[in-house]
Every structure is written in structure tokens, then in C-alpha cells.
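Just below is one structure, and these are the notes that go with it.
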Amino acid sequence: MKFNTKTIHGGQKHEASTGAIMPPIFQTSTYAQASPGQHKGYGYSRSANPTRTALEDSFAAIENGTHGFAFSSGMSAIDCVLRRLKPGDHVIAGDDLYGGTYRMFKQLFEKYGLKFQFVDMDSTDNVRKAITEKTQLIWIETPTNPLMKIADIKEICKATKAINSAITIAVDNTFATPYLQRPLDLGADIVMHSATKYLGGHSDLIMGALMVKDASLAEELHFIQFAAGAIAGPMDSFLALRGVKTLHLRMQRHCENGKAVAAFLSSHPKVETVYYPGLESHPNYSIAKKQMDDFGGMVSFKLKDQSKAAAFLFLENTKVFALAESLGGVESLVNHPVTMSHASIPEAERLKIGITDSLIRLSVGIEDIEDLIEDLDSALSQ
Ligand SMILES: *Cc1c(COP(=O)(O)O)cnc(C)c1O
């Protein structure tokens, strides 16, 4: 089955009793049993719920996995992966992570004795050199948020597994989505999503996802999901499933609009730098071209005027682009990483990697491109 068919039909069955095309919202906590322990595969909704199952099967299909898991947020999906580790274990992560991921690693898990090392994953060598006997997990984000750096998933997997095949490699695929890149096919063990973003796609829910292709890893993750309990509810599962069915159409337009916005900003006299992996001037353009089928709808840029006041003037004056946290919905959003999405990263760390006051991040939506460009042009002329 090809990708555009998978988003609609992957893992889906028509509902058994009525033939309903979409799964009903099984708004139930429990299920009647014929005899103790004898049920139809559903005992209690923390363990499994049929609406969530339909979504989890869809999640598995679109990432070319065998098992999918839906969580109450992207953060709880990451939490599930980290709960596999034990005190003393070493984790290697990218140095330009989603702010909440960095915060979870440093402020929640360091105190349980996990050791985190952040490296620039632009170069596979940096990852290889960081691996020790204690390394249990490599956490990759690509493209990164907000600087759009690209890590070579296939090379990192190959280099890591050659040193120790037991090291788990997880990829946060939120920005690219499986429409653009499929980490399990490139050698990763776990794919993670904030389904809040492109998979849901309509800014109407908070959800996380994990996808894997190994049965014993799936069993471990399901045990943690069940035991810790951060599951997606049936209503949200229904909404996310509806979102996934148009992922390919939305992504196609996000990519077209993203490319046009990146080109417009690149030639604008008030713009200093544009961060978009589809620009030939991007330092990792060749990896992006090899690894991704297109370049997505996330575009960051820096203004020539590096003051916070200049950035704020722009941010207060867009009309179609709403100033808001989050990304990946049909509507265009604009974000100021320093004060919004990345405020939880200490200033020194932020400046070291280039998250400055003049950095602005756009989630380019699927509106008419003429309206988006006009909006940016008008806000830049303030
Ligand atoms: C939003 C986001 C998360 C966290 O997901 P939530 O659904 O907000 O909990 C993790 N990684 C990336 C790249 C994100 O954009």
C-alpha cells in the first residue's frame, strides 16, 4: 500500500457490528466479561480501547511500523521511552531540542540518575564519539526546533549499531511527519510524535505517539503505557484519526507554502538569515535532500535588526499568522522561541546554539500563499 492510501486505510477495519466506516467513539472505561478473565480483547480502557486501537493501528501503518501507541501528550510519549532506563544510564540527545524535551530530561529525569549529553548531531562523528558503555538511548530530532538543523538518521543508526546494537535509537519525527521521512526504515527503533502538531493537524487536541517495528520493544512500551497510564482518550483518538486521513494532502500544501515563504524571506532586505532545509544555502541541504521527500512547512528566520523590539514589532503586526505556541495545524502561526517555546532553556545554552532575540519561527499553514506573503511583507514593513 502506498503512503496516500495508508493515511486513509492503514490498519483500518470497518466496525464489526454495523459496518461503520469510521470507528465509533467508544466512550467507555470498562467491558462486560462472560466469565472472569473472559472478554473480547478489551478488559479496561487504560489497557486498550477500540477507538484508540483504530488510531494506534493507523499510527503503526503510516510509519511502516508494526505497533503504535497513543498518549495523552507528546511529552507523555517521551516519558514512556525514558521509563525504560535505569539510574546510571547515559542518553545522547541533540543540542537543539524541543524546549519541553530538554526540560523533561534535565529537570525530571536527571534526579533519577540518568545522564544526558547534548551534542550537535549535524555531524555523525559527534554522536559516535559520545557513545560510552553506559549509553542506552540516542534521542534524535530532525529537522530540529527551531533552527531546522538536519541529522543523518541512517548514518547515526549505522554508526551506533556498529558500536553496540543494544543501544535504542529514537527519533522525534514531529516536524517532518512520515510524509517526508520514515525513521524506522532508516534503522531507528522508535519513532515519536507530538500528534498535537501535523498528525492531528487541526489545533484541536494534545496527543503523543510512539511507533515501533519490534514485538518485544512494543510489549515493553505497552506495559509502561498501561502501568503509568498516560493514554489518549477515545474522543481525542477519533479526532486524531480523522486528522491523519488528510495528512498527505495537508503536507503537500505545507511544503509548497513553506518553500514559497522561505524564498520570499531570503530575498527580503530586512531579513538576515532564513533557516529552511529546502534552501540550497542550508548547511545540511544535501542530507535533507537525501533523507526527506520534501522540506515541510516550518521556517525560521532572523531579522537584520537584532533587537527584541524589532522582533516584537513584527510579531505584533501579522494578521493571518496568529502569534501562538504550537505548530502543524492548518492555520499559519508565528512564534518567538526566546520568550515562548524555548523559554525553559537557560539563556547561556540558548545563545550558544544561536537562539537569539531576533529569531522568529513560522508554522506555515495551508492558506492561499498570496495572503501569507502579503501578511509577512506588511508586518516586515512596520
Ligand atoms: C510539541 C512538541 C513536543 C511535545 O508535544 P506535546 O504534544 O506538546 O506534549 C515534542 N517534540 C516536538 C518537536 C514538538 O514540537
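Read-outs: derived from the displayed coordinates by stated rules, not from any lab. Owing to the predicted nature of the structure, the values given are computational and were not obtained by experimental measurement. Glycine also receives a Cβ, built like all others from the backbone with ideal geometry; neighbour counts cover every protein chain displayed.
Considering only Ala195, Ala227, Phe26, and ranking their Cα positions along the charge dipole of the chain that arises from unit charges at the beta-carbon of Lys, Arg, Asp and Glu, the one farthest toward the positive end is Ala227. Full extension of the chain segment joining His14 with Ala228 gains 74.0 nm, where the gain is 0.36 nm per residue of separation less the Cα-Cα distance. Once the Cβ-Cβ distance of Arg253 and Tyr31 is raised to the sixth power relative to R0 = 41 Å, the FRET efficiency obtained is 0.50.
This model, with +1 at the C-beta of Lys and Arg and -1 at the C-beta of Asp and Glu, gives the stretch 82-177 a dipole about its Cα centre of some 460 debye. Please give, to one decimal in nm, the separation of the simple spin-label points placed at Glu133 and Arg103, each 7 Å out from Cα toward the Cβ. Roughly 3.7 nm, to one decimal. Peptide packing for 116-129, 231-244 was compared via the average number of neighbouring C-beta atoms within 10 Å per residue; ordered from the highest value, the list is 231-244, 116-129. For the stretch 3-244, the residue among Cys80, Ala130, Phe116 whose Cα projects farthest onto the positive side of the dipole built from Cβ charges is Cys80. Among Ala159, Ser326, Ser300, whose Cα sits farthest toward the positive end of the charge dipole of the chain (+1 at Cβ of Lys/Arg, -1 at Cβ of Asp/Glu, about the Cα centre)? Value: Ala159.
Taking the longest Cα principal axis of the chain as reference, the axis of helix 247-266 is set at about 20 degrees. Based on DSSP H segments of at least four residues, each scored -39500 (n - 2.57), the chain has a per-residue ellipticity at 222 nm of -10000 deg cm²/dmol.
In the stretch 51-171, Cα pairs under 8 Å separated by at least six residues give a relative contact order of 23 percent.
The slack in the chain from Ala348 to Ala162, taken as 0.36 nm per residue of separation less the alpha-carbon distance, amounts to 63.5 nm. Taking other C-beta atoms within 10 angstrom as a stand-in for reagent exposure, Tyr179, Tyr285, Tyr102, Tyr198 fall in the order Tyr285, Tyr102, Tyr179, Tyr198, fewest first. Simple point charges give the picture: +1 on the Cβ of Lys and Arg, -1 on the Cβ of Asp and Glu, and for the stretch 3-244 a dipole about the Cα centre of about 340 debye. Only Lys, Arg, Asp and Glu carry charge here, each on its Cβ (+1 for the first two, -1 for the last two); on that basis the stretch 248-381 has a dipole of about 500 debye about its Cα centre. A Förster radius of 25 Å combined with the Cβ-Cβ distance from Asp185 to Met235 puts the calculated FRET efficiency at roughly 0.20. With a cut-off of 18 Å on the backbone N, the residues of the stretch 278-320 near the modelled label site 7 Å out from Asn4 along Cα-Cβ are 293-296.
Legend: Rg and Dmax of the stretch 3-244, from Cα coordinates, 18.1, 58 Å. Geometric descriptor of the stretch 154-244, per residue, is 98 Å³ (volume of the convex hull of the Cα atoms).
Here Ala260 and Lys289 are evaluated by their C-beta separation; at R0 = 22 Å the FRET efficiency comes out at 0.75. Each of Glu56, Glu325 was scored by other Cβ atoms within 10 Å of its Cβ. Arranged with the fewest first, they read Glu325, Glu56. Taking Ser281, Ser341, Ser17 as the candidate residues, the one with maximal mean-square fluctuation in a Gaussian network model of the chain, Cα springs under 10 Å, is Ser17.
Taking the number of Cβ atoms within 10 Å of each Cβ as an exposure proxy, the fewest-first ranking of His67, His9 is His9, His67.
Label-to-label distance, Glu367 versus Met22, with points set 7 angstrom from Cα along the beta-carbon direction: 2.6 nm. The length gained on full extension between Arg242 and Gln306, counted as 0.36 nm times the residue separation minus their Cα-Cα distance, comes to 18.9 nm.
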